[in-house]
Amino acid sequence: MLLADKIAVVYGAAGPIGSAIARAFAREGALVHLGGRTAATLDSVATDIRAAGGRAETAVVDALDEQAVDAYVDDVVRRAGRLDISVNVVAIGDVQRPLTDLSAEEFVQPVATALRTQFLTTRAAVRHMIPRRTGVILAFGGSGPQTIPGMGGAKVAFDAVESHRRQWTAEVGQYGIRVVTLKTGGIPESIPTDFPGRDEIVVGLEQAAPLGRTATLADVGNVAAFVASDLAATMTGSEVNISCGAILD
């Protein structure tokens, strides 16, 4: 198993991406702590993981709340003895309209949300990882220079996460802590079935990828498990491109 006996925290664990990562981690042997805002959805994911033979614990935690995040991670470490992996895929709650139609608050909101949650969860984790001189921080980041009209502040927010990744890499690499972001060209399974124009969006995502398909949630989980494992021990400060070629570096 890639993550045998690792201790992982996944924020946003009840969402499609977070739950896919949590399930992959548990399948690979990690004890996964599922963090999010809604107990019922977290418990549903945990039940699925346990039914498949994995280990999972849940906690309601607001990743925007500084004291709550610190207390949560302190409690995980107190009970588990350490923290090996921290993953943040908390939704940024963006307003996707043309920039000319946005208020300043609507534009800034996803940037502020992304950076605050990423900073708080990363800081809480590395404070415990530094003494052990090992650990992995994983997030979803930008999508390279490519963008499309009507994204509001979302693309800016994801690019800000990449800057956040670079700064943390520079500061914690000396302690053996790795910081990596994943980027996709879009994951159709994560788009609600009643989302306006969903079918056209999916077709566009597939056509943009040289492989003729998009990443699945299973793909995301598999890659995340590899990146978090010791097999990727030399990988830090970088994006991992799982866009099926839609995003060219």
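Miscellaneous remarks
- For segment 63-82, the tally of residues that are in a loop (DSSP other than H, G, I, E, B) and either closer than 29 Å to Asp5 by Cβ or in contact with a Leu (Cβ under 7 Å, 6 or more places away or on another chain) (or both) stands at 3.
- Qualifying residues in segment 132-157 (those that are surrounded by fewer than 17 Cβ atoms within 10 Å (Cβ to Cβ) and at pLDDT 95 or above) - the one nearest to the chain's Cα centre (by Cα): Thr134
- Search result, residues across segment 143-168 that are in a loop (DSSP other than H, G, I, E, B), among the polar types (S, T, N, Q) and in contact (Cβ under 8 Å) with a residue 24 or more places away in the chain: Gln146
- Unique match (being more than 23 Å from Lys6 (Cβ to Cβ), under 15 Å from the mean Cα position of the chain (by Cα) and among the β-branched types (Val, Ile, Thr)) among Thr214, Thr184: Thr184
- Residue list for segment 83-119, filter: touching a strand residue (DSSP E or B) at 6+ places or on another chain (Cβ under 6 Å) and either surrounded by fewer than 16 Cβ atoms within 10 Å (Cβ to Cβ) or not in a helix (DSSP H, G or I) (or both): Leu83, Asp84, Ile85, Ser86, Val87, Asn88, Val89, Val90
- Flag if Thr41 is under 19 Å from the mean Cα position of the chain (by Cα), surrounded by fewer than 19 Cβ atoms within 10 Å (Cβ to Cβ), among the polar types (S, T, N, Q) and at pLDDT 95 or above: yes
- Taking segment 190-212 as the range and being part of a loop (DSSP other than H, G, I, E, B), loosely packed, with under 14 Cβ neighbours inside 10 Å and not β-branched (Val, Ile, Thr) as the test, the residues that pass are Pro192, Asp194, Phe195, Pro196, Gly197, Pro210, Leu211, Gly212.
The values are calculated or read from the model by the stated rules, or taken from the named source; none is laboratory data. It should be emphasised that the depicted structure is a prediction, and the values quoted were computed from it without experimental measurement. Cβ: placed from backbone, ideal geometry, glycine included. Neighbour counts: every protein chain shown.
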